[in-house]
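Each remark here refers to the structure printed beneath this line.
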Amino acid sequence: MTAQRFAWSVFALLISTSTVVHGQYGWPVTPFDSSHWITGTFCEYRDTMNSPHFHNGVDIPKADGSPVYAVQDGTVTSLQRTGGNAYVRVGNFAYVHINPSPSLTVGSHVTAFRTVIGTILPGSGHVHFIDGYYNGERNALRSGGGLTPYTDSWAPIIRYIRFYPDRSTQPFTGGKISGRVDLVVKVDEQNAAPGGPLSCRNNGTFEIGYDILAADSVTVLKRTGVRFRFMTKPSNRYVHNVFFQKLSSTTSHVYIPTNTITRNGWLDTGALGEGRYFARVWTRDTRGNADTLVVPFEVVPEDNTPPAPPELLVVRGDSSGFEVRWKRNSEPDLLGYRLWYSFDNSDWVLKFNEQQLPADCTSVRFRGTLRRPLYFRLTALDNAPIPNESAPSDVYGMQQGVAPILLVDGFARSPEQGSAWQQLSHPFAFHYSQALPEETRNTLGFATCSPAAVLDSTVALSDYGQILWFTGDDGAGRQVLPDSAIALLSHWLENTPYARLLLVGANVASSLDSTTNPYASAAATSFLRKTLRVAPASRLAGSGTLMLSDQPETRLRFGGGLFTPDSVDGLRPLSGATALLRFSGDSAAALVVRDNQRYHTAVLSVPL
């Protein structure tokens with residue numbers, strides 16, 4: 001026997017004896033008596049199987065095809081030869097990602113550091129070494145035991161500390177927090193020197209805890225001690241108590257030290273009181289190398305009030321593109337807006353966020369041509385520690401074409417005002433645009449605006465030849481069209497050849513006529529009776545049956561659709577107007593005024 005082989009045998013004997021007495025053993029790859037790099041630590045986060053779990057061993061890097069040895073004499077108790085997780089188990093230890101030696105079978109005896117139990121699988125680049133049986137695994141890098149010798153002189157690095165509401169995935173911003181709070185901490189354990197392989201420098205830590213300090217950054221107000229220490233592997237059902245799932249991966253280990261391993265927990269800011277504080281997080285590896293990070297935060301009153309839904313002004317296109325404009329929200333804590341788009345009012349996609357559309361932004365323009373309907377809605381966000389997002393705006397849409405029809409959203413009635421519509425915003429423009437004949441819509445196109453955009457000249461009526469102005473059940477107790485809008489519509493009708501105006505609403509006639517609304521102006525009554533050639537008749541139920549005036553046997557149901565008003569206007573056609581639809585009595589539901597055999601104006605008292 002050579003001196004080298006004799007020394008090797010003595011070392012093997014020493015390691016074998018040490019294992020029994022002290023729980024120490026050598027390395028399963030050569031050299032057995034020298035420390036190796038680690039590319040995966042015990043109990044770090046893993047998302048590589050059917051569900052996230054704790055890493056139940058340590059990964060020791062070695063070239064594919066390298067031999068793997070048993071670290072203790074023993075008998076093969078199980079093995080698997082197929083798949084990426086092929087392994088050999090010898091007593092208390094399992095060696096995974098190896099191709100088991102052909103000579104081994106269950107029951108085979110192996111000798112520590114002599115018997116090659118397998119070789120590292122192609123593409124693995126490491127052996128996954130497990131100390132212990134399932135649900136009883138131990139940390140093979142533990143101090144005073146496990147893999148020996150193990151040298152680690154590099155401290156873990158705390159990359160950041162962030163604050164989240166308890167069990168939330170949306171962070172507080174600006175260092176201002178309130179309520180129950182989770183500390184979320186990213187740690188990179190360093191198992192190699194700076195500049196060494198990244199896979200050795202992004203591992204999970206061994207121990208972590210935190211303290212809360214007073215505004216002087218010295219006085220400890222809350223000392224928590226160790227929150228997580230990984231000597232043995234917890235049940236995988238607790239993995240998301242330990243790790244913040246949204247930010248964690250096999251190469252990113254993000255902890256929630258306000259929890260314990262088995263229970264959800266939080267920092268109670270109510271117990272601290274409003275004011276400025278510091279969070280101090282510390283972490284250590286198995287060799288005592290440590291890092292500490294201190295960050296300031298401020299406890300503020302909770303803000304759970306979102307901004308009001310934004311008000312869209314216009315969505316329209318032209319030959320070179322299309323634009324969305326809106327009215328600026330008035331909240332002093334407004335952060336910005338989110339713009340969403342959809343082709344069907346069902347699947348909504350975020351186009352721009354609050355960083356791209358800050359508080360002072362009120363429009364966005366797109367270049368290009370789109371020969372299909374496109375719809376938008378807008379939400380507003382405030383600058384609360386957890387930004388509150390408003391309910392969405394009304395849905396407005398457009399389609400580029402040769403002579404767009406203008407849809408004017410005149411519905412502004414709220415549930416508090418007695419509207420049958422109970423939501424803060426509505427998709428009526430979508431439904432009216434979809435009610436247009438497809439060929440007409442695809443050829444002419446359409447745009448959508450609010451009355452405010454017409455009144456402030458953002459939208460010029462002269463740019464359009466056809467207008468559909470809908471009001472839902474708005475107008476009860478007030479004039480559904482203000483005098484300024486009536487003046488603009490009158491001027492447009494008088495100066496636009498072949499102009500076509502359709503007014504749709506449950507209260508158009510009754511709100512504009514002084515005989516039924518004492519607040520109606522003379523201009524409104526004149527517009528209703530002389531231009532639209534309509535007078536109000538009796539009120540009728542908001543649902544029922546309609547018939548075609550020239551085909552009374554043809555019956556149409558109304559109401560029960562998108563929304564059903566409590567009641568609607570019956571219409572009485574005046575000279576020059578023709579009823580198209582009638583209720584079961586004498587009152588009309590729709591009538592038109594013809595000019596040179598072309599439809600000039602029309603009123604429909606049954607909203608879609």
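Residues checked against (1) of a type in the set (Gly, Ala, Ser); (2) under 28 Å from Gly505 (Cα atoms); (3) assigned by TED's automatic domain parsing to the domain that holds Thr471; (4) modelled with pLDDT of 95 or more:
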site: Leu357; (1), (2), (3), (4): no, no, yes, yes
site: Leu370; (1), (2), (3), (4): no, no, yes, no
site: Pro387; (1), (2), (3), (4): no, no, yes, no
site: Pro392; (1), (2), (3), (4): no, yes, yes, yes
site: Asp409; (1), (2), (3), (4): no, yes, yes, yes
Q: Kindly indicate whether any position in segment 288-299 is more than 30 Å from Ile130 (Cβ to Cβ), hydroxyl-bearing (Ser, Thr, Tyr), more than 27 Å from the chain's Cα centre (by Cα) and in the same structural domain as Asn202 (by TED's automatic domain parsing).
A: yes
Q. What are the residue pairs meeting all of these: first residue in segment 119-140, first residue part of a loop (DSSP other than H, G, I, E, B), second residue of a type in the set (S, T, N, Q), Cβ atoms under 6 Å, and 6 or more apart or on different chains?
A. Leu121/Asn99; Glu137/Asn56
**Q.** Yes/no for Gln399 being of a type in the set (S, T, N, Q) and free of Cβ contacts under 8 Å to residues at least 24 places away in the same chain
**A.** no
Q: Restricting attention to segment 69-84, report how many residues are surrounded by fewer than 18 Cβ atoms within 10 Å (Cβ to Cβ) and closer than 14 Å to Phe32 by Cβ.
A: 0
Q) Just wondering, is there one or more residues in segment 64-78 that are polar (S, T, N, Q) and closer than 30 Å to Ile256 by Cβ? A) no
Q: Determine which member of the set Leu489, Leu502 is in the same structural domain as Leu540 (by TED's automatic domain parsing) and part of a strand (DSSP E or B).
A: Leu502
Q. What tally of residues in segment 50-80 results from selecting those that are within 17 Å of Ser252 (Cβ to Cβ) and assigned to a loop (DSSP other than H, G, I, E, B)?
A. 2
Q) Counting residues that are in contact with a Cys (Cβ under 8 Å, 6 or more places away or on another chain), in contact (Cβ under 8 Å) with a residue 60 or more places away in the chain and buried (at least 17 other Cβ atoms within 10 Å of the Cβ), which strands (runs of 3 or more DSSP E) fully inside segment 272-344 reach at least 3? A) 311-317
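Applying the selection to segment 85-100, what residues are under 42 Å from the mean Cα position of the chain (by Cα) and either under 22 Å from Asn135 (Cβ atoms) or modelled with pLDDT under 95 (or both)? Show your work before the answer.
At the first step, the residues of segment 85-100 found to be under 42 Å from the mean Cα position of the chain (by Cα) are 85-87, 94-98.
Listed by number, the residues that qualify are Asn85, Ala86, Tyr87, Ala94, Tyr95, Val96, His97.
The values are calculated or read from the model by the stated rules, or taken from the named source; none is laboratory data. Quick caveat, the model's predicted, so the values are computed rather than measured. Backbone-built Cβ (ideal geometry, glycine too); neighbour counts: all protein chains shown.
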